[in-house]
1. Note down the net charge around residue 124, summing +1 for each Lys or Arg and -1 for each Asp or Glu among other residues with Cβ under 12 Å from its Cβ.
2. Could you compute the net charge surrounding residue 56? Neighbours are other residues with a C-beta less than 12 Å from the C-beta of residue 56; K and R count +1, D and E count -1.
3. Per the helix-only calculation at 222 nm, which mean residue ellipticity applies to the chain, given -39500 (n - 2.57) for every DSSP H run of n ≥ 4 and division by its residues, nearest 500 deg cm²/dmol?
4. Before anything else, pin down the relative contact order of region 1-72: Cα pairs under 8 Å, at least 6 apart, normalised by residue count, whole percent.
5. If you take the beta carbon distance between residue 37 and residue 112 as r and set R0 to 30 Å, what does 1/(1 + (r/R0)^6) give as a FRET efficiency, to the nearest 0.05?
6. Taking the beta-carbon count within 10 Å as an exposure proxy, list 36, 76 from fewest neighbours to most.
7. How do 158, 52 line up, fewest other C-beta atoms within 10 Å first?
8. Give me a comma-separated list of calculated 3J(HN,Hα) values for region 99-108, in order, Karplus coefficients 6.51, -1.76, 1.60 applied at θ = phi - 60°, integers in Hz, x for any Gly or Pro.
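Every read-out reported here was derived from the displayed coordinates using simple, explicitly stated rules and does not represent laboratory data. Because the structure is predicted, anything quoted here is derived from the model rather than measured. Here the Cβ positions follow ideal geometry from the backbone for every residue, glycine too, while neighbour counts run over all protein chains shown.
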Amino acid sequence: MTTSENLLTYHAWANEKVLQYLSTLPDGVVNHELQSVFPSITSTLTHLYVVDNLWLAAMGGQDNTAIFAHLPVWESEVKGAAIEDVCTRFSAVAQRYLDFVTTLPDPDAYADYAHPTAGTLRARYTDIVQHVVNHGTYHRGNITAMLRQMGIPGVATDYLWYLFAQQNVGSA
């Protein structure tokens, strides 16, 4: 497994852990409004899903016009959906990422990405994968902080716990 594949597998694992945990919490927790980076856990999940799709489209060569036209569609796919449906959507985008990176002839090849305010970024596919995974980690941390604000413990999704989980799968 390449580094990008491993990182994307971690990203999918961590998202799934959070979503599964959220599905066990009382009704209303994910939509509870509070003062944080996002107004609710649902808003955070929506942002994470939209941005995951955005970067996959950008790596696939779509231009900003096509990507921005699709933003409301991605948002509508998860905004207000049941956690089980959100989990299915996240799982599908994770599979599309893996399908994409496993078919790249050279994951270290460079591509240009037009950012709407910062200009054009020339970066390797592996750099963008790293960004997507870091972005997910950051927002899963936001979700943990939001849960703690409500007096609810979070769920451990550090990369170390993913490695332990993989080790335990391999030794079972």
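1. -3
2. On the way: positive: 96; negative: 52, 99.
Net charge in that neighbourhood comes out at -1.
3. On the way: 6 runs with 113 residues, N = 172.
Taken over the chain, the calculation gives -22500 deg cm²/dmol.
4. Numbers: 20 pairs, mean separation 10.1, N = 72.
The normalised contact order for region 1-72 reaches 14 percent.
5. Working: r = 30 Å, r/R0 = 0.98.
The pair residue 37/residue 112 has a calculated efficiency of 0.50.
6. Values: 36 15, 76 12.
By the 10 Å Cβ count, ascending, the order reads 76, 36.
7. The order, fewest Cβ neighbours first, is 158, 52.
8. Values per residue, Gly and Pro as x: 4, 5, 5, 6, 9, 5, x, 9, x, 8 Hz.
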